[in-house]
Amino acid sequence: MGKLNLDPQVVAKARRLAERAAEPVIEMARTHTTVSVERAQLRLAGLSGADADGRPWVNHLVDAVRDQVGLEHGVALPVWDALRRESYADLSALAQAAALGAVTFRLPSGDDAAAATAHARAAAREGITRIDRRRAERDQLLTEVGDPPKPWVYLIVATGDIYEDIPQAQAAAREGADVVAVIRSTGQSLLDFVPEGATREGYAGTYATQENFRLMRAALDDVSKELGRYVRLTNYASGLCMPEIATLAGLERLDMMLNDCMYGIIFRDINPRRTFIDQRFSRQVHARAGIVINTGEDNYLTTADAVDAAHTVVVSQLLNERFGREAGLADSQLGLGHAFEINPALPDSFRLELAHAQLVRELFPDAPLKYMPPTKHMTGNVFAGYLLDAFFNLAGVMTGQSIILIGMMTEGIHTPWLSDRDLALENVRYVRDACGALAEDFVPRPDGFVVQRAEQVLSESVDLLERICDDTLLQAIADGTFGVTRRPADGGKGLDGVVERADGYVGPALDILETEDPHAGHRPQTPAGSVQR
Amino acid sequence: MIQRETTTGVPEATDLPSIIRPYGDTTGDAMVQLSFTLPVPAGKRAELAALGLARQMGLDPASVVHAKAMGPHFTFFIVYGKVNHLIDYAGIEVPEGREYPLLPAKEIELAIRTVLNRRLVVVGACIGTDAHTVGIDAILNVKGFAGEKGLEYHREIQVVNMGAQVTVEELLERAKAENADAVLVSQVVTQKNAHIHNTKQMAAAFHAAYPTAVGPGMGRPLLIAGGPRFDTVTETELGVDRIFGKGTTPGEVASYLVHALLPSWTPQEES
């Protein structure tokens, strides 16, 4: 490390500024809850399933409590109070009765409140224990089956039908994928509920449901054992149900989740407050579950220019790091994203890419960085696209990236064909094998182009962070600082699901996540980042 | 015949042969390349199957230059061959170019100021479940696309970008509230022809909401659909006034707005 000779004081300053910029937002997240945070806690307590129309019982129950007593105190007190008083068999029976309007909720006090809290805590503990068990199971499989060397090859499947996804994912694993991502149906981020069961129809992707998670993880466990390497599964903890999907991922042993601090705000027009509150809970769950998050900085470069906006990527990474660490994520769980999106017609475009990629590598030495292939400048010229993907792979190997999403030469034409995927893997295999440990030999000339460019991006990042600290992060987002899209703090979808917590708020799962070390009793992970071949 | 090029780089029409065949490295060699996958295990039999396909496609002789197993059940082929087809180039009519001139930014603003004497209002959205705002943002946001600034950049154009996953009802309501001169919808997701269904639904709703309209800009907004996969349908089939495909720049859209909504404007220069 230290090829760029970055000034440690500037780096420390950048981190301090990111911390300062994040603080008011974290404080807001600590003092608010959302409908989805409450539903996630019910899911952790074991409530699942949906009515005949597909509306989940967690939605019924949270809505009923909200209508009758409000959510400021959390759903746990009214729910477990009702369970005790009216002797329903379980949460599911209570939710079904509540859906019919047959339950009267109240905010208990005194001994009733203490009893309700105790029961709620016990239920939350069971849920957290289930997540702990799934994490231990992953550790055991990594030992028994084997953990593939980095960089991990990341491939996508997206058929819309979980039963088509399964053989495709298994085929992708056999072809060399270390990480399989199941792209989510395009409308799901704006659904304020999580669909139920195995699904066979989606738009440009497959719905994230607990059953789909379970089916895919089981299928990848089979193929992992066959191949002698643990194949990781990725989905999306984003959108209006981010906390619930994070919880389901923890319960079904997903390994990575796309979970960016600002993606939903900027690209899906989800309310900024809702996003940050939901995100903190989801990251606390990910920390506990040993899930690696993947952040979405690559997306900024699909709307903004990859050279002009390079520093916004770094700023977002620093913010993602801060929000992540505060929520308990270890550095080895921070799959910070970036991308190879500079216009190839630009002179020195590859040198610029190397500068950006090396800068990110050195700023976040222990993070399993996720490097995204070119998309914006991929054209119908598949031959030129194949070359560009090779240069992307080369930059990835030279700068020691950890997770490499495999670029398809038919990007922008169609969803990858079998042959596209095979050729893409041939491309990355060639580059990986031909380069070997080339990263060792890649030492940019002191004060040369690469070093100076990295320095410039870092200094622009510090400037921007200073402005954000002055204006506040929410204002910067409203001004269109990231991805050139303006998102006011009170705009967007889902603000009506945000509630300020009252004194005496009870969130039993939140309490556990907040007060316990998420990594206690877990074996230390191997350090990420270095290219291990 | 070897093509001579004029100084402008465009071959002179008189020099073009009337009957043509593909060109590998010799005039008339009729060589083409193609690649495809067959759902059979690699081997001699698979190669014969690939040659069989090539022959049925009119490649004769054909040769398999590359065959690679992709897992146990599939083989990928690259095939070169000579086609036996002739193309009557003289019989192909030159397709019409853009029906309107590309105007510089200044002229667009001048046209709106002169003819409309108020700001031209554009409402844009990704409708249906489509969450991909890349296309609509490239056209509307200041940032623009391909080095051109988006419509927001023009002082004379008021842009309302409603973003992703907007319902037809929301779009219609907003278009009415803003007195939109033009409505742009972007459709990127094409699974199960969602882009076609959504756009048709949008157009039908607008036509129903403005029953007395004479045409675009005359009683109803101009309806524009954009997306990479509209090449199989016509404007009439969708019920819109104009379809824009992949690679459309904001300048093309702005110039079209002037052409379609301000027909009395006489373009000052063509580019």
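The values are calculated or read from the model by the stated rules, or taken from the named source; none is laboratory data. What you are looking at is a predicted structure, and each value in this text was computed from that prediction instead of being measured. Please note: Cβ atoms are built from the backbone with ideal geometry, for glycine as well, and neighbour counts cover all protein chains shown. Just so you know, the surface numbers come from the protein's heavy atoms only, side chains and all, with ligands and any DNA or RNA stripped out. Shrake-Rupley method; radii C 1.70, N 1.55, O 1.52, S 1.80 Å.
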task = Pairs only if they're at least six apart or on different chains, beta carbon under 6 angstrom, first in the range A:310-323 and hydrophobic (A, V, I, L, M, F, W, C), second open to solvent by 10 Å² or more (accessible area, probe 1.4 Å) and assigned to a helix (DSSP H, G or I); list them, first residue then second.
result = A:Ala310/A:His356
task = Determine the pairs where a residue that is on the phi > 0 side of the Ramachandran plot, located within the range B:178-200, has a partner that is crowded, with 19+ Cβ neighbours inside 10 Å with Cβ atoms under 8 Å apart, the partner being 6 or more residues away or on another chain.
result = B:Lys192/A:Tyr203
The range B:67-86 - residue that is open to solvent by less than 70 Å² (accessible area, probe 1.4 Å) and hydrophobic (A, V, I, L, M, F, W, C) and, of those, farthest from the other protein chains (Cβ to nearest Cβ) = B:Val83
query = When the residues of the range A:160-197 are filtered to those that are of a type in the set (Ser, Thr, Tyr) and open to solvent by less than 40 Å² (accessible area, probe 1.4 Å), which remaining residue is nearest to A:Asp269 (Cα to Cα)?
reply = A:Ser189
key: Number of positions in the range A:490-524 that are part of a loop (DSSP other than H, G, I, E, B), touching an Asp or Glu at 6+ places or on another chain (Cβ under 8 Å) and aliphatic (A, V, I, L, M)   = 1
task = Working carefully through the options B:Ala208, B:Ala204, find the one that is at negative phi, open to solvent by 50 Å² or more (accessible area, probe 1.4 Å) and without any contact (Cβ under 8 Å) to a residue 24 or more places away in the chain.
result = B:Ala208
key: Options A:Asp331, A:Asp348, A:Asp366; residue that is in contact (Cβ under 8 Å) with a residue 12 or more places away in the chain, touching a strand residue (DSSP E or B) at 6+ places or on another chain (Cβ under 9 Å), open to solvent by 10 Å² or more (accessible area, probe 1.4 Å) and farther than 26 Å from A:Leu425 by Cβ   = A:Asp366
Unmet requirement for A:Thr104, which otherwise passes all of (1) buried (at least 21 other Cβ atoms within 10 Å of the Cβ); (2) hydroxyl-bearing (Ser, Thr, Tyr); (3) assigned to a loop (DSSP other than H, G, I, E, B) = (1)
query = Just for the range A:386-417: of the residues that are within 14 Å of chain B (Cβ to nearest Cβ) and without any contact (Cβ under 8 Å) to a residue 60 or more places away in the chain, which one is most open to solvent (accessible area, probe 1.4 Å)?
reply = A:Trp417
request  = For the range B:204-227, state whether one or more residues are closer than 26 Å to B:Ser255 by Cβ, within 14 Å of another protein chain (Cβ to nearest Cβ) and in contact with a Ser or Thr (Cβ under 9 Å, 6 or more places away or on another chain).
outcome  = yes
inquiry  = Suppose the filter is surrounded by fewer than 24 Cβ atoms within 10 Å (Cβ to Cβ) and at pLDDT 95 or above; does A:Leu240 pass it?
reply    = no
request  = Residues being surrounded by fewer than 24 Cβ atoms within 10 Å (Cβ to Cβ) and away from chain B (no Cβ under 14 Å): count how many of those fall in the range A:291-317.
outcome  = 1
task = Output the residues belonging to the range B:117-147 that are at pLDDT below 75 and open to solvent by 20 Å² or more (accessible area, probe 1.4 Å).
result = B:Thr129, B:His132, B:Val134, B:Val142, B:Lys143, B:Phe145, B:Ala146, B:Gly147
inquiry  = Would you confirm whether or not the range A:196-211 contains a residue that is touching a helix residue (DSSP H, G or I) at 6+ places or on another chain (Cβ under 7 Å) and assigned to a helix (DSSP H, G or I)?
reply    = yes
query = What's the number of the condition A:Met262 fails, among (1) within 14 Å of chain B (Cβ to nearest Cβ); (2) over 30 Å from A:Glu126 (Cα atoms)?
reply = (1)
message = Every residue in the range A:141-170 that is in contact (Cβ under 8 Å) with a residue 12 or more places away in the chain, outside any loop (DSSP other than H, G, I, E, B) and hydroxyl-bearing (Ser, Thr, Tyr), please.
response = A:Tyr154, A:Tyr163
query = If you check B:Val159 against the conditions, is it closer than 12 Å to B:Thr129 by Cβ and either out of contact with any Leu (no Cβ under 9 Å at 6 or more places or on another chain) or within 14 Å of chain A (Cβ to nearest Cβ) (or both)?
reply = no
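For the range B:242-271, enumerate the residues that are under 26 Å from B:Glu178 (Cβ atoms) and under 14 Å from the mean Cα position of the chain (by Cα).
B:Arg242, B:Ile243, B:Phe244, B:Thr248, B:Thr249, B:Pro250, B:Glu252, B:Val253
Could we say that B:Ala164 is among the small types (Gly, Ala, Ser) and either open to solvent by 40 Å² or more (accessible area, probe 1.4 Å) or in a loop (DSSP other than H, G, I, E, B) (or both) here?
Working: among the small types (Gly, Ala, Ser): yes; either open to solvent by 40 Å² or more (accessible area, probe 1.4 Å) or in a loop (DSSP other than H, G, I, E, B) (or both): yes.
Spelling it out, B:Ala164 is indeed among the small types (Gly, Ala, Ser) and either open to solvent by 40 Å² or more (accessible area, probe 1.4 Å) or in a loop (DSSP other than H, G, I, E, B) (or both).
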query = Counting just the residues of the range B:226-252 that are in contact with an Asp or Glu (Cβ under 8 Å, 6 or more places away or on another chain) and in a loop (DSSP other than H, G, I, E, B), which one comes out surrounded by the most Cβ atoms within 10 Å (Cβ to Cβ)?
reply = B:Asp241
ask   = Does A:Ala509 meet the test of being surrounded by fewer than 20 Cβ atoms within 10 Å (Cβ to Cβ) and outside the structural domain of A:Pro78 (by TED's automatic domain parsing)?
value = no
task = Among the helices (runs of 4 or more DSSP H) lying completely within the range A:390-489, list those that include at least 3 residues that are of a type in the set (A, V, I, L, M).
result = A:418-435, A:449-471, A:473-478
message = Tell me the residue from A:Arg288, A:Arg325 that is of a type in the set (Lys, Arg), modelled with pLDDT of 95 or more and crowded, with 24+ Cβ neighbours inside 10 Å, please.
response = A:Arg288
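Which of the residues that make up the range A:1-51 are of a type in the set (D, E, K, R), part of a helix (DSSP H, G or I) and in contact with a helix residue (DSSP H, G or I) (Cβ under 8 Å, 6 or more places away or on another chain)?
Our first condition is that a residue be of a type in the set (D, E, K, R); within the range A:1-51, this holds for A:3, A:7, A:13, A:15-16, A:19-20, A:23, A:27, A:30, A:38-39, A:43, A:51.
In the following step, the residues that additionally are part of a helix (DSSP H, G or I) were identified as A:13, A:15-16, A:19-20, A:23, A:27, A:30, A:38-39, A:43.
Scanning the range A:1-51 gives A:Lys13, A:Arg15, A:Glu19, A:Arg20, A:Arg30, A:Glu38, A:Arg39, A:Arg43.
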task = Output the residues belonging to the range A:243-252 that are among the charged types (D, E, K, R) and either open to solvent by less than 10 Å² (accessible area, probe 1.4 Å) or in a strand (DSSP E or B) (or both).
result = A:Glu244
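Those residues that are within 12 Å of chain B (Cβ to nearest Cβ) and closer than 22 Å to B:Met70 by Cα, I need them from the range A:173-222; list them, please.
A:Ala173, A:Arg174, A:Glu175, A:Gly176
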ask   = Would you pick out the residues in the range A:418-472 that are open to solvent by 80 Å² or more (accessible area, probe 1.4 Å), within 29 Å of the chain's Cα centre (by Cα) and within 14 Å of chain B (Cβ to nearest Cβ)?
value = A:Arg429
task = Report whether or not A:Val484 is open to solvent by less than 60 Å² (accessible area, probe 1.4 Å) and at pLDDT 95 or above.
result = no
